[in-house]
1. Kindly identify the stretch B:62-280 as rounded, prolate or oblate by the Cα gyration tensor criterion: order the square roots of the eigenvalues as a ≥ b ≥ c, call it rounded if a/c is under 1.5, otherwise compare a/b with b/c, prolate if a/b is larger, else oblate.
2. How compact and how long is chain C, expressed as Rg and Dmax of its alpha-carbon atoms in Å?
3. How big is the gap, in Å, between the Cα center of the stretch C:1-52 and the Cα center of the stretch B:125-152?
4. Provide a whole-number value for the mean count of partner chain Cβ atoms within 10 Å of the Cβ atoms in peptide C:115-121.
5. All other residues with a Cβ under 14 Å from the Cβ of C:GLY126 taken together, and with Lys, Arg as +1 and Asp, Glu as -1, what is their net charge?
6. Roughly to the nearest percent, how much of the accessible area of the stretch C:20-220 is carbon and sulfur, given a 1.4 Å probe?
7. Stokes-Einstein diffusion coefficient for the protein assembly as shown at 10 °C in a medium of 1.306 mPa s, Rh from the Kirkwood formula over Cα pairs: what value in µm²/s?
8. Roughly how big is the C-A contact, given as buried accessible area in Å² (both sides, 1.4 Å probe, nearest 100)?
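The values are calculated or read from the model by the stated rules, or taken from the named source; none is laboratory data. Computed from a prediction, not measured in an experiment: that's the story for all the values here. Every residue, glycine among them, receives a Cβ derived from its backbone with ideal geometry; neighbour counts consider all protein chains shown. Keep in mind that these areas ignore ligands, DNA and RNA; they rest on the heavy atoms of the full protein, side chains included. Shrake-Rupley method; radii C 1.70, N 1.55, O 1.52, S 1.80 Å.
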Amino acid sequence: MSQSGPVLRVRGLSARIGQQQVVEDVTLEVPAQGVTALLGRNGVGKTSTIKAVLGLVERNGVVELDGERIDTLPTHRIVQRGVGYVPEDREVFGSLSVEENLRLAERSANPRRDLVADLFPDIIARGQQAAGTLSGGQQQMVALARALLNDNRLLLVDEPTKGLSPKLVGEVTEALERAAQVVPILLVEQNLVVARRLADRAVVMADGRVVHTGDAAELLDDEQRVVSLLGVGSTGSSHGSSHDSGSHPDPSTHDQEVRS
Amino acid sequence: MSTTTDTHPDTGTPQPAAPAGPTGGARRGAGLPLRLLAVLGLVVLLAVLPLINVSVPGVLPGATYTPGTLQLMALALVFASLALTYHVIFGVAGLLSFGHALYLAIGAYGLGIVLERTDLGLVPAMLLTLLGGAVVALVLGAVGLRVGGISFAMVTLAFAQAGSVLIRRNSDVTGGEEGLRLDTTNVPDAFVGVTDTRNLYWVALVLLVVVFALVTWFERSRAGHVAAATRENELRVRVLGLRPFAVKLLAFVTGSVLAVVVGMVYLLLQSGATPRVASADFTLTILVIVVLGGLGSRWGAVVGGIVYTLLDQRLTTLAASDAVESLPAVLSVPLGEPLFILGTLFILVVLFVPGGLVGLGARLAGARTRAGRPATPAAGEDGP
Amino acid sequence: MSTVVLLLATGLGLGALYFLVASGLSLIYGLMGVLNFAHGSFLTLGAFAGWETARRLGGDSWGSLLLSLLVGAGVGALAAVLTELLLIRRLYERHIEQVLVTVGLALATVALFDGIWGTDAIFVTGPGWFDETTTILGARVPNDRFLLIGVALLVLGGIVAFLRFTRFGLVIRAGVENRSMVTALGIDVRRAFTVVFAIGGAAAGLGGVLASHYFGYVSPQLGGSLLIFAFIVTVIGGLGSLLGAAIASVVVAVLQQMANFYLSGTGDLVVVLLLATVLLVRPSGLMGARA
């Protein structure tokens, strides 16, 4: 492993949508390798954090990509610097064909069409079909393919397995695993089994702030902390019904358990 | 907060008064009677203007007791009232209507036609016109509000255009392009003729005060609050179990019906109506007035209406003046077109002065108050 | 029968004009959410520019008509691009203010045209062929209708081809659907805004020159009167839909002509009635995806 600094460093990030403050004060780092999972209960500001990094919502604070400030740039410039984005709910262009969706996403002269064809032969075969008529799983493939076509320094992937059948969850996970070999990923994921399999590190948010940072496996294997931090059992079966320490986790969880 | 050296806990209160402007700080303690007194004084001053000899060179064409000047000032008051009625729709409820002129036209033409075609007296004729206007507003509002935002703007524009077409085409009823003359048979003599301009001026003043009071009442009512909330966040209003459609329709009908009333006074003041009052350009003029004065503010609408009317008159005089005509064509052509100057001014206000004239005034006043602040706390100190 | 043919031909000609205005309005609204009240002024300016061109070339040859069309389109495009760059762009994402600025621009420019060219209508002449008629199924159809329909079809085809086969077209189509996702793919969508304004302005300028031949005159009010019907057309067709605008243009214009003839000149009112009906039955318009 090379000892370069984090690819993404976020300090004191806040964001608002309209009048509403959706991200309070987020500080986190994404290492230059592997998958960092961004976890937390619904509505704690995970998606908004991703959007704030991209400048898709009004934001304040410091965001650095490979040591360079990107928090004052417009979205398209941030993306051009090598940030791939796979949004929640896919956001493929439904009236455009699959092939057009992919063509629109290509930023370089030689996009990685081979990789995409290798990972998602199914959607390449449907190149002329309108993306809006694809199944949810296929649309997710298109959304992933749009990001993987380019040489990125970082991928921001928001809930890629949401609403997919178990078989498709497996396929998407596999694709992300392959992608993670070449590019670091910040992954928002509610399916803790998927997060456990992909993530090296975990960042946990509550009420618009980061409340825990540490090793993903260590966190996700600790049933008690999963319940207290994420409000669910690690099987993802039921709600922990814990209206307890969500906003005030015990001090030990603040420990930075970083391994190098 | 780290400030612990407060000796008088109640000194903190006066702070918000200055920048909050006409709407916000009005209800606070001593602010209300003072403000009310100031407004009352202003109304009284406006009311006695026809009786005294005041000349404001450059702003008014002549002394305040002359019929020509009174006519202009009355028109300014009518435009201020009209702007207030539009403020209910656009400023409060956030509905961008491009058809507001239609309701002024209904008031003016409606009353004119009723007076001409029936033997009704002035008051019954006005009530009949009002009723007709309310029905039209209710029906067209209900249809138009099926769409939101920009579509609503276009739909109201289309309806107003239909009204404009109807007026121009049915010349046997409306006088067509020539316009409609006021049939004075059933109009009290006090409101007829050049010599009684003074009375019409007072009518216009009463109109403005009444419309202002009604609009204030509407804004402070529950419906007004819900309408404002709908403008900000329709989804949340819906979540609260309220029906945005009903509230929007109420605001639309309220603003439109008040515009009908303004239209009736307009007819009396102008002794007639021309198809121009139904045109799309006229609606755009109302929009310009509201934004020029300060969108979302009642005083903004009033100031905008008065400033616009006077400016329009002065610019028209300027356009026809020898000074402009002697200029080279590059200057004389644009300066010879009042609407060009007003349109340009409007663009500049939208680009650079978001709060309009009232916002600009509040900002300037705010800057001055802040500069001279040390003196103020001592003054407003020993109340209770 | 011959009356019906004549009404159809005239309606199609008028529909062509509506489409030339509505296509730009619809594209601009679809991509940027801007309702452009100044669009009528692009048309009027194009018409005056075309008239000035033809006048200087000595009027009624085919060459001067062709050149006046080109100049009209060019001037319309230029005015539109300047509007976008100088006024609209400063108010990025503030839709109400953007509308207000175009309202101010519409008022100011019409007044300026009044000052420059006078308020009276100026009569224009085209090639002699325009004054003749062609007999179709017994109806004597004025020839300028064919030019109008032809140009509108060319413009429709041109825009469709542009949208389908160019990179900008791809960006515009995607942007109409989901603008923020386009920027999230690393594309500066604002460049597409300028392109859309240029296309809309060119179509309007072209429409201006053609309108001056259809009506037989130019006046500062020319654009404004067509604009209102173009608005109705875009709402009926569905905001943002080019095909919807094309279909609605024809439907509205033909209906208007028919009603004017058979229902004693009630065309304008019938159109507004149609609008109300569409809104009641289908608020998003014929081809509109979003309400």
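1. prolate
2. For chain C, the Cα radius of gyration and maximum Cα-Cα distance read 18.6, 59 Å.
3. Value for the Cα centre distance between the two parts: 29 Å.
4. The shielding value for this peptide is 2.
5. For residues surrounding C:GLY126, the net value is -2.
6. The nonpolar share, carbon plus sulfur, comes to 65 percent.
7. Value of D from the Cα-based Kirkwood radius: 50 µm²/s.
8. Result for this pair: about 1700 Å² buried.
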